[in-house]
């Protein structure tokens, strides 16, 4: 299990937690990662950073003691919809890497593909953007665009810099969003937990309109950037929770306890969430592009053909 | 905690603002700063990112020593007060945020990329390197540009144009890389008074480096190489490098 894919490891952790096999720690339940058998030499050669982190941050010497670990969010498979040239549906906007969704990774990214994806699509994005920039854009409606920019600056000033009598603190809304996502859209989710998450996000979005900032200045105002960041966090959380609620199946890192099987007939598609100003995002579906490898059953230790044969026996 | 405050819109006034922060055994100075900003005073501005010692963003002076605030544990100072200031010898933008434009210019000046006389074509495959060749420069690749070494270096404090420890270590990283053929292009910058020769071998840079890069070692190496080159040019004025 130690070298298993991250989603399977996280799920195994939850299963052990439910059986009461995890250990309490000040940071939540943990299991022990034991690498003592590798010996000091091998650890220094192959896992020096792991050793350094364990020593400095947990006071643990992995050569002699097991390391307490628990699952955390590591990577976002979904993201901004792009084509093979990293172009988004918004003309002139390109996205590459973890923030983008070509998709290379589907519902579950393979290890090491994040860095390679960034290199490949970062290059493609740069080339495509440079190509576009070279074209003639004199007919762009500059005045309209400038007016849009001015409107947004006014909105930011009104909502944050000039706001009086706001009742909410930025950091507590952020903390509550974190709690809602962790419990509602975590490693295992179901209809009830996702509905709750969607409700909480809507509530937090409303409350975020009443944030009172301490910092009203115009120079390196990192409280303002954190507030804008929170707006985006709410957007992403909403897209995620509503898409997960609509996806009544399990696939990759999206595991529904109420729909534990994969349903290719209905859901071999990408969830596309579009922002709607008032209310929940619109969820639509885009067919998956299948070229060389047709989807098969996800089995370990046997080939798909063997697994099918085993099942039939 | 006593934290340095400065706002450019406030007539250049600088103050030390006191905050009472709850002590937690596993907290680092960055946790304390985040607690202050989240709970008590959202106007405190500072940089941070990874909070695990790999991004180099959170360097500040803690009780007069340059530290990564994500790696400076409260328990090492408790119960005494902790004084936090922006990194020394850099202009201050605001509160604990410094202006690093000068540093970035110096980094560029040593051409921190692989320089080839001729690029290998894709068909010829990748550049091969033995473990032994990698070992020669690997240590100097560990620099995270946190600039703690600049705040520790007394020469940086008096010579604005001294390119400094991290930059020279990075130049060595490329000069010693078997794939690189650009040492001659870095020679002039490294061999200038503001280059390696500005160093008086105090060694504090290596003392404060959180990634064990040993920039002091890199600088002395650079001096020796530079001197050899100078002699070669003197004795063989028409010879190639």
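Using Cα centres only, tell me the gap between segment A:36-106 and segment B:145-170 in whole Å.
Using only Cα atoms, the two centres lie 31 Å from each other.
Can you give me the Rg/Rh ratio for segment A:173-232, using Cα atoms for both radii and the Kirkwood formula for Rh?
Rounded to two decimals, Rg over Rh is 1.10.
State the Kirkwood hydrodynamic radius of segment A:19-87 in Å, one decimal place, computed from all pairs of distinct Cα atoms.
Radius from the Kirkwood sum: 14.7 Å.
For chain A, what does the relative contact order come out to in percent, with C-alpha contacts under 8 Å and a separation of six or more?
11
In whole percent, what relative contact order does segment B:147-241 give with Cα contacts below 8 Å and a gap of six or more residues?
Values: 97 pairs, mean separation 30.6, N = 95.
Result for segment B:147-241 is 32 percent.
Using R₀ = 51 Å, calculate the FRET efficiency as 1/(1 + (r/R₀)^6) where r is the Cβ-Cβ separation of residue B:184 and residue A:3; round to 0.05.
0.65
Using only Cα atoms, find the angle between the long axis of helix A:170-184 and the longest principal axis of chain A, and express it within 0 to 90 degrees, rounded to the nearest 10.
With both axes taken from Cα atoms, the answer is about 40 degrees.
Under the definition of partner shielding as Cβ atoms of other protein chains within 10 Å of a residue Cβ, what is the mean value for peptide A:216-224?
6
Report the label-to-label distance for residue A:98 and residue A:199 in nanometres (one decimal), using points 7 Å from each Cα along the Cα→Cβ vector.
According to this spin-label approximation, the distance is 3.2 nm.
Once both labels are modelled 7 Å past Cα along the beta-carbon direction, what's the residue A:216-residue B:232 spacing in nm?
6.5
Let me have the 222 nm mean residue ellipticity of chain B computed from DSSP H runs of 4+ only, each contributing -39500 (n - 2.57), with the sum over all residues rounded to the nearest 500. Working shown, then result.
Numbers: 9 runs with 79 residues, N = 241.
After summing the helix terms and dividing by the residues of chain B, the value is -9000 deg cm²/dmol.
Add -39500 (n - 2.57) for each DSSP H run of 4 or more in chain A, then divide by its residues: what number comes out at 222 nm, to the nearest 500 deg cm²/dmol?
Result for chain A, helices only: -14500 deg cm²/dmol.
Could you calculate the contour length gain from residue A:169 to residue A:23, that is, 0.36 nm times the residue separation minus the distance between their Cα atoms, to one decimal place in nm?
49.2 nm
Specify, per residue and in Å³, the volume enclosed by the convex hull of the alpha carbon atoms belonging to segment B:45-95.
Details: hull volume 4.2 nm³, N = 51.
Spelled out: Cα convex hull of segment B:45-95, divided by residues, is 82 Å³.
Can you order the peptides B:92-105, B:18-31 by their average number of other Cβ atoms within 10 Å per residue, highest first?
On the way: B:92-105: 17.6, B:18-31: 15.5.
Final packing ranking: B:92-105, B:18-31.
With no solvent and one point per C-alpha, what does the Debye sum give as log10 I(q)/I(0) for segment A:56-142 at q = 0.13, 0.14 Å⁻¹?
-0.58, -0.63
Expressed as a whole number of Å, what is the distance separating the alpha-carbon centroids of segment B:83-131 and segment B:185-207?
Distance between centres, Cα-based: 16 Å.
From the convex hull of the Cα coordinates of segment B:128-210, what is the mean projected area in square nanometres?
Directional mean of the projected Cα hull area for segment B:128-210 stands at 5.8 nm².
Report, in cubic angstrom per residue, the convex hull volume of the C-alpha atoms of segment A:194-269. Spell out each step's value before the answer.
Numbers: hull volume 8.4 nm³, N = 76.
Looking at segment A:194-269, the number lands at 111 Å³ per residue.
Mind pulling up the Rg/Rh value for segment A:11-167? Radius of gyration and Kirkwood radius, both on Cα. Don't skip to the answer; put the middle values down first.
On the way: Rg = 24.2 Å, Rh = 20.9 Å.
So for segment A:11-167, dividing Rg by the Kirkwood Rh gives 1.16.
What FRET efficiency, computed as 1/(1 + (r/R0)^6) with R0 = 41 Å and r the Cβ-Cβ distance, is obtained for residue B:126 and residue A:69, rounded to the nearest 0.05?
0.70
Give me the Å³ per residue figure for the convex hull around the C-alpha atoms of segment B:56-153. Walk me through the numbers on the way to the answer.
Numbers: hull volume 15.6 nm³, N = 98.
Cα-based convex hull of segment B:56-153, divided per residue, equals 159 Å³.
What's the angle, to the nearest 10 degrees (0 to 90), between helix A:142-156's Cα axis and the longest principal axis of chain A?
Rounded to the nearest ten degrees, it is 70.
Starting from the coordinates of the alpha-carbon atoms of chain B, obtain the Kirkwood hydrodynamic radius over all distinct pairs and give the value in Å to one decimal.
Hydrodynamic radius (Kirkwood, Cα pairs) of chain B is 19.8 Å.
Please work out the FRET efficiency for the pair residue B:83 and residue B:26, using the Cβ-Cβ distance as r and a Förster radius of 25 Å; give the result to the nearest 0.05.
Calculated transfer efficiency: 0.70.
What full-extension length gain, to one decimal in nm, is calculated for residue A:116 and residue A:33 as 0.36 nm per residue of separation minus the Cα-Cα distance?
27.1 nm
Helix A:113-134: angle to the longest alpha-carbon principal axis of chain A, degrees 0 to 90, nearest 10?
20
Have a look at the DSSP beta bridges in the protein assembly as shown and tell me what percent are antiparallel, nearest 5.
Approximately 80 percent, going by the DSSP bridge assignments.
Grab the eigenvalues of the alpha-carbon gyration tensor for segment A:162-313, scale each by 5, take roots, and send me the semi-axes largest first in whole angstrom.
In descending order the semi-axes read 41, 15, 14 Å.
What number does segment B:114-163 give for Rg over Rh if you use C-alpha atoms and the Kirkwood radius?
Details: Rg = 17.5 Å, Rh = 14.7 Å.
The Rg/Rh ratio comes out at 1.19.
For the protein assembly as shown, take N as its residue count and report Rg(C-alpha) divided by 2.2 N^0.38 Å.
1.12
With only alpha-carbon atoms in the gyration tensor, what are the semi-axes of the equivalent ellipsoid for chain A, in Å, largest first?
Whole-Å semi-axes of the equivalent ellipsoid: 37, 28, 23.
Please rank B:55, A:101, fewest neighbouring Cβ atoms within 10 Å first, as an exposure proxy.
Ranked by crowding around the Cβ, least crowded first: B:55, A:101.
Only the coordinates and a few stated rules stand behind these numbers; no lab work does. Keep in mind the model is a prediction, meaning the values are calculated, not measured. Quick reminder, even Gly has a Cβ in these numbers, built from the backbone with ideal geometry, and neighbours come from all protein chains shown.
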